[in-house]
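Working notes, structure below.
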Amino acid sequence: MTTHSHYPTFNVMDEQNEWDAHTRNVVNARLIRENTYQYLTHVEAETLRAWCGLLMDDHRGDIIQYILCHIDEVLSEDKGEGQRKVNVPPARILLRQGLKAIDETGWIESSKPFFQLDELSQRQIMLQISSATYPSTEKWDGIPQKALFQKLLQLSVEAYYSHPLVWSEIGFGGPAYPRGYVRAETGQLDPWEAVRKP
């Protein structure tokens, strides 16, 4: 992906001295590339790396690794879910079994794991899973394809758009506490906010 930003000179981290210490620590931790997992296996992580890069249309290592660590943390904490549709297993089961089924698609497609397939093949499989039309196998038993796709999308998006590099690219000024926003009318910007370039 070639990233085009309307805010090419904006760096949200330039504003970190305006944040309280706790917020600063939380945001800075998102820039540290963790490579260990508490829940995910190596194959699951590599399957997710390929899947999330394609899903976000962004293959930058630090950002995708952050998404993987977020998903791993959610699964290892196992705090429960606010809501879940009938016949959809809990997230830990949905993702563990679902990632095994996604990995299997590669072996069926061309005798190698999903993460080693070319991007076109991965995209085709992803489209089929997103519409619940991938041919059923034993590994898909009890794993609703569309629910799996939606869960992976939800977890990926919430991590992707909480990464400071992405904040800078979309012109998000980061946490406003304790400084707050003063100019709240439509079209008005505080002096520290990003200015959109054509």
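Worth pointing out:
- Some residue of segment 128-149 being hydrophobic (A, V, I, L, M, F, W, C) and on the phi > 0 side of the Ramachandran plot: yes
- Within segment 84-100, none of the residues are closer than 29 Å to Arg33 by Cβ, small (Gly, Ala, Ser) and more than 19 Å from the chain's Cα centre (by Cα).
- Being open to solvent by less than 80 Å² (accessible area, probe 1.4 Å), acidic (Asp, Glu) and at pLDDT 95 or above is not true of Asp190.
- Here is the figure for segment 172-187: residues that are open to solvent by 40 Å² or more (accessible area, probe 1.4 Å) and free of Cβ contacts under 8 Å to residues at least 12 places away in the same chain total 7.
- Among (1) in a helix (DSSP H, G or I); (2) touching a residue at least 12 places away in the same chain (Cβ under 8 Å), the one test that Gly53 misses: (2)
- Filtering segment 146-171 to residues that are out of contact with any Asp or Glu (no Cβ under 9 Å at 6 or more places or on another chain) and open to solvent by 70 Å² or more (accessible area, probe 1.4 Å) leaves Lys146, Gln150, Gln154, Glu158, Tyr161, Ile170.
- Here Gln38 clears all of (1) open to solvent by 50 Å² or more (accessible area, probe 1.4 Å); (2) assigned to a helix (DSSP H, G or I); (3) not hydroxyl-bearing (Ser, Thr, Tyr) except the condition numbered (2).
- Identity of the residue in segment 107-142, modelled with pLDDT of 95 or more and in contact with a Leu (Cβ under 8 Å, 6 or more places away or on another chain), that ends up surrounded by the fewest Cβ atoms within 10 Å (Cβ to Cβ): Glu119
- Taking segment 41-57 as the range and being more than 16 Å from the chain's Cα centre (by Cα) and surrounded by 20 or more Cβ atoms within 10 Å (Cβ to Cβ) as the test, no residue passes.
- Test for Val26: is it more than 24 Å from Ile93 (Cβ to Cβ), among the aliphatic types (A, V, I, L, M), assigned to a helix (DSSP H, G or I) and more than 16 Å from the chain's Cα centre (by Cα): yes
- Of all residues in segment 77-92, those satisfying the criterion of being in a helix (DSSP H, G or I) and either surrounded by 13 or more Cβ atoms within 10 Å (Cβ to Cβ) or touching a Lys or Arg at 6+ places or on another chain (Cβ under 9 Å) (or both) are Ala91, Arg92.
The values are calculated or read from the model by the stated rules, or taken from the named source; none is laboratory data. On a predicted model such as this, the values are computed, not experimentally measured, just so you know. Cβ atoms come from the backbone with ideal geometry, glycine included; neighbour counts cover every protein chain shown. Ligands, DNA and RNA are excluded from the accessible area calculation, which covers all protein heavy atoms including side chains. Shrake-Rupley method; radii C 1.70, N 1.55, O 1.52, S 1.80 Å.
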